[in-house]
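Remarks on the structure that follows.
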Amino acid sequence: MKPPAETVFTHPASRLALEVFRLNGALIAAGDTLVAPLGLTSARWQVMGAVAEAGGGLPVSGIARNMGLVRQSVQRIADELEAEGIFRFAPNPHHRRAKLVQLTERGTALFEEASARWLALANTLVAGLAPGEIEHAAGLLQSFHNRLRLPIDNGETS
């Protein structure tokens, strides 16, 4: 007997993508709950994290590129956080108009508090998993991400 043909819902890549979409939604919801007492949203916290990771050495376009976000969305968030004293814009020695985004002291303190809250949840999420299991999963997702950066064959012929 011939095995059933794979469908868009049974293909392993589709199943992985669907779980990533579900996980993304759950992470955003959990993040919103986690940082709401700090006056933040997941989106703001995500941009703050990109700035913290870069050490204040990136303009908005670099942050957006690194995170796979739209530059205009990151600019809007950066402007809001600057108005609230969480970010500051510093001169960029490589580009006169594209200022570098940096955390202020207040922003650093907020990010550290959000990070402490996350680490408590992160420890709960990985509790009971075999050593290396999370690293293996992260590596698989990174590999998938890298493959998506390659030119995509859309099936059209010229």
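For this structure, a couple of remarks:
- Ranking LEU148, LEU110 by solvent-accessible area of protein heavy atoms (1.4 Å probe, all protein chains present), from largest to smallest, gives LEU148, LEU110.
- Rounded to the nearest 20, the Cβ-based charge dipole of the stretch 68-109 about its Cα centre (Lys and Arg +1, Asp and Glu -1) stands at 260 debye.
- Considering every alpha-carbon pair of the chain, the percent of pairs per 5 Å bin, from zero through the bin containing the longest distance, is 1, 7, 13, 16, 17, 14, 12, 9, 5, 3, 2, 1, 0, 0.
- Rounded to the nearest 20 debye, dipole of the chain from Cβ charges on Lys, Arg, Asp, Glu: 420 debye
- Between ALA26, ALA137, ALA78, the residue with the greatest mean-square fluctuation in the GNM of the chain (Cα pairs under 10 Å linked by springs) is ALA137.
- With Cα atoms, 0 to 90° folded angle of helix 12-35 axis to the chain main axis: 30 degrees
- Degrees between helix 105-126 axis and first principal axis of the chain (Cα, 0 to 90, nearest 10): 30 degrees
- Relative to the longest principal axis of the Cα atoms of the chain, the long axis of helix 133-148 lies at roughly 90 degrees.
- Here the accessible area is traced with a 1.4 Å probe on the protein chains. For the chain, carbon and sulfur cover 59 percent of it.
- Accessible area per residue, Å², the stretch 65-118 with all protein chains present, probe 1.4 Å: 68 Å²
- With the helix formula -39500 (n - 2.57) applied to DSSP H stretches of n ≥ 4, the chain reaches a computed 222 nm mean residue ellipticity of -20000 deg cm²/dmol.
- Taking every alpha-carbon pair under 8 Å whose residues sit at least 6 apart, the stretch 1-126 reaches a relative contact order of 22 percent.
- Taking one quarter of the surface of the convex hull spanned by the alpha-carbon atoms of the stretch 68-132 gives a direction-averaged projected area of 6.9 nm².
The values are calculated or read from the model by the stated rules, or taken from the named source; none is laboratory data. Fair warning: this is a prediction, and the values are worked out from it, not measured in the lab. As a convention, Cβ positions derive from the backbone with ideal geometry for all residues, glycine included, and neighbour counts pool all protein chains shown. Accessible surface is based on the protein model in full, side chains and every heavy atom, while ligands, DNA and RNA are left aside. Shrake-Rupley method; radii C 1.70, N 1.55, O 1.52, S 1.80 Å.
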